[in-house]
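Visitor: Handing you a structure now.
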Amino acid sequence: MPPSAPDAATRGTHRSILLTGIISTLALIGTWIATASVRRPARAHSAFADLVAQTPLTGTATALLALTSGALLSALTVRYARRKATPEQAGHPSKIPAWPQHAVLIPFLLIALGAAFRAVAHPLSPLALGNGAASFVTTILLGLAFIFLLEERFLSARSEADRRDIAGLPGLLRLSVCILLLSGLFAGCNAAGTFVPTWFWKVPAFLTLYGVLEVTLRLSLSWFSPPPTTETARSCVDVTLFTAPASFTPNRIAETLRQRFGLDFDRSWALDFVRKTFLPVSTLMLLLAWTGSGIVQIPQNQRGVYERLGVPVDVFEPGLHISLPAPFGRVRLMEFGTIHSLAVTDVPLAAGGIADRTTAEGEPPDSANRLWDRSPEDASWLVARDQSGNRAGFQMLTANLRILYRVRLSRQGTMDALYTVASPESLLDSLAHRTLTTFFAAETLEGVMATRRDRIAKIVSEKLQTVLDQYNTGLEIMAVLVDTIQPPAPAAKSWRMVQAAEVRAQTSVAEETARAEGTHALAQRDAYDALSQSAAQAETTRRTAAADTLRMKGDEAAWRAGGQAFLLERYLAALKHGLEKASLTIVDGHLSNTLFDLRPELSALRTPSDASGAQ
């Protein structure tokens with residue numbers, strides 16, 4: 001039996017939803033494959049890799065396609081469950097399980113949540129105009145937007161009874177179409193060479209995050225609802241902003257609060273008072289806000305030039321100040337005491353190199369290489385006179401020079417810097433080149449290489465400051481730093497040898513000076529020792545002579561007083577002193593025997609005959 005018209009319409013809706021869901025899922029898989037391919041080293045520097053790295057496009061597309069695929073496939077589970085439900089009995093409507101819808105939707109929602117947050121937090125960087133992959137990406141995005149638009153129009157044309165359980169699906173498809181059109185528009189503008197502000201790429205990401213969060217919230221609330229019946233079963237996929245925008249009007253919000261929560265704000269005296277006083281209170285607040293624009297806070301490292309009706313009248317110091325509100329009064333901020341460093345190079349300022357981000361413990365940057373075998377990128381090529389032989393010529397040399405400058409601290413200097421100089425870096429670079437060219441052209445190569453760098457820096461600084469003061473620029477040169485002055489390439493080896501010889505000579509002088517100082521110190525030590533010993537010996541002799549003199553005077557006084565008695569006493573004392581350590585034998589002159597045996601004690605054991613015989 002052929003199917004009835006309602007069954008045929010229902011099957012057509014099923015097939016369209018399934019086909020769109022499959023297309024969305026295939027597009028999601030293709031997005032994953034394309035994103036993974038650019039991470040390979042061979043594709044790391046392609047145009048598509050730049051588009052992925054510098055914009056949140058892939059994260060937005062992944063989140064949107066995951067949300068759309070999950071919404072379409074979960075809607076099919078709801079319709080399939082209603083179709084397979086048992087017939088209702090009197091007073092007992094059949095229940096429909098909600099877990100199939102949740103089981104299909106939750107994995108896609110998790111993917112969408114992760115991709116949406118990643119897209120919102122993606123760091124933005126300027127994308128080069130005319131990206132080669134932008135046109136292809138634009139085609140894909142517009143194609144997907146066309147498919148989703150067809151599905152939205154098809155579902156919106158269905159009857160209310162046919163799309164009652166998927167009433168929020170057309171709103172989600174409208175959100176998808178809007179996001180894809182915006183992304184395709186931005187990519188197409190880039191492919192056509194039209195500049196698009198960087199933050200514009202965040203708009204589709206935030207719209208996607210809004211849709212994912214609302215669907216997640218509806219899914220979470222459905223867990224706490226009673227099991228649906230065949231009449232109340234609905235898909236939890238809906239985006240109110242694109243399904244029923246009129247729900248956000250004040251009347252609709254008041255009606256919703258009155259019907260669901262019993263809150264009738266029409267009878268509230270507070271709201272009636274607010275309605276009556278809204279206009280005067282708003283006017284007063286706007287007037288206060290406009291008056292408050294005349295209160296200006298100047299930071300500690302800045303100063304402000306106050307313009308009254310376009311005429312500068314004062315310079316505000318750091319702190320809080322009151323002026324006329326805009327547009328009658330205006331404060332233009334200027335730096336206060338900030339010192340800038342400018343490298344004088346032949347490279348244009350707009351093509352400045354990579355910023356030096358090295359740390360104190362890290363590897364030195366390439367700009368620190370000051371060897372003569374190559375010229376640094378931040379060097380200036382200059383010309384100096386050369387008078388070798390009888391001919392006058394010129395020699396090329398390079399100089400690494402930096403200028404430290406700031407805006408003058410005086411009030412007039414601040415105004416001059418604000419209204420006279422548009423680009424201090426360009427002005428100083430031009431004037432420094434002219435000053436250096438004039439200085440080196442007036443000097444010979446030998447004179448330049450022999451002049452101390454601090455002397456050259458002082459001369460250049462004085463000339464540069466004179467020119468700046470003539471133009472009333474308000475800039476002050478703090479210092480001119482000359483890192484190196486390198487000779488011409490043919491003479492580099494000779495100059496290196498000269499400098500090496502000078503270093504060796506200075507080293508030899510230092511060594512000989514140290515040796516001489518050591519010898520001088522030793523001589524001073526020996527002379528001091530000899531002088532000290534001589535002084536000590538002389539003092540000893542002097543004191544000995546003084547003692548002898550005192551002793552002689554004492555003896556003379558005693559002789560005069562005692563006469564021969566003193567002489568005898570002195571004789572005996574001298575004799576005693578002389579005989580203290582002598583071996584004495586005392587013989588009494590009264591002995592009758594005139595024979596003495598002076599031998600050791602053994603001689604006393606002999607007989608007198610032996611003694612006489614020995615005699």
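Each reported figure results from applying straightforward, stated rules to the coordinates on display, with no laboratory input. Being a predicted model, the structure only gives us computed values, none of them experimental. Here the Cβ positions follow ideal geometry from the backbone for every residue, glycine too, while neighbour counts run over all protein chains shown.
Visitor: Would you kindly derive the ³J(HN,Hα) couplings of the range 274-281 from the backbone phi angles with the Karplus curve 6.51 cos²θ - 1.76 cosθ + 1.60 (θ = phi - 60°), listing them in order in whole Hz, with x for Gly and Pro?
Guide: So the J values, rounded to whole Hz, are 5, 4, 6, 9, 5, 5, x, 5.
Visitor: Full-extension gain between residue 573 and residue 118, please, as 0.36 nm times their residue separation minus the C-alpha to C-alpha distance.
Guide: 151.6 nm
Visitor: In the neighborhood of residue 475, defined by Cβ-to-Cβ distances under 13 Å, what is the net charge if each Lys or Arg adds +1 and each Asp or Glu adds -1?
Guide: -4
Visitor: Tell me, in nm to one decimal, what length is gained between residue 102 and residue 442 on full extension, where the rule is 0.36 nm per residue of separation less the Cα-Cα distance?
Guide: Here the answer is 113.8 nm.
Visitor: Mind ranking 17-26, 400-409, 506-515 by how tightly packed they are, going by the mean number of other C-beta atoms within 10 angstrom, highest first?
Guide: Ranked by mean Cβ neighbours within 10 Å, highest first: 400-409, 17-26, 506-515.
Visitor: Can you figure out the FRET efficiency of residue 297 with residue 253, using R₀ = 41 Å and their beta-carbon distance, to the nearest 0.05?
Guide: For R0 = 41 Å, the calculated efficiency reads 0.55.
Visitor: Return the sequence-ordered ³J(HN,Hα) values of the range 171-181 in whole Hz as given by the Karplus equation 6.51 cos²θ - 1.76 cosθ + 1.60 applied to θ = phi - 60°, using x for Gly and Pro.
Guide: Values, residue by residue: x, 5, 5, 5, 4, 4, 4, 4, 5, 5, 5 Hz.
Visitor: Work out how much length residue 284 to residue 185 would gain on full extension: take 0.36 nm times their residue separation and subtract the Cα-Cα distance, in nm to one decimal.
Guide: Fully extending the segment from residue 284 to residue 185 adds 31.4 nm.
Visitor: Right, next: Would you mind checking which residues have amide H under 5 Å from residue 483's amide H? H placed 1.01 Å from N; only 5 or more apart, or other chain.
Guide: Those lying under 5 Å, H to H, from residue 483 are 400, 401, 402.
Visitor: Something else about it: Calculate, for residue 244 and residue 309, the FRET efficiency according to 1/(1 + (r/R0)^6) with r their C-beta to C-beta distance and R0 51 Å; round to the nearest 0.05.
Guide: 0.45
Visitor: What list of ³J(HN,Hα) couplings, whole Hz, do you get for the range 571-581 from phi and the Karplus terms 6.51, -1.76, 1.60, once you set θ to phi - 60° and write x for glycine and proline?
Guide: Computed from phi, the couplings for the range 571-581 are 5, 5, 5, 5, 5, 4, 5, x, 9, 4, 10 Hz.
Visitor: Could you give the nm distance between label points at residue 223 and residue 454, where each point is 7 Å from its Cα heading toward the beta carbon?
Guide: 7.6
Visitor: Taking H as built 1.01 Å from N, whose amide H comes closer than 5 Å to the amide H of residue 323, not counting residues under 5 places away?
Guide: Here 295, 296 satisfy the definition.
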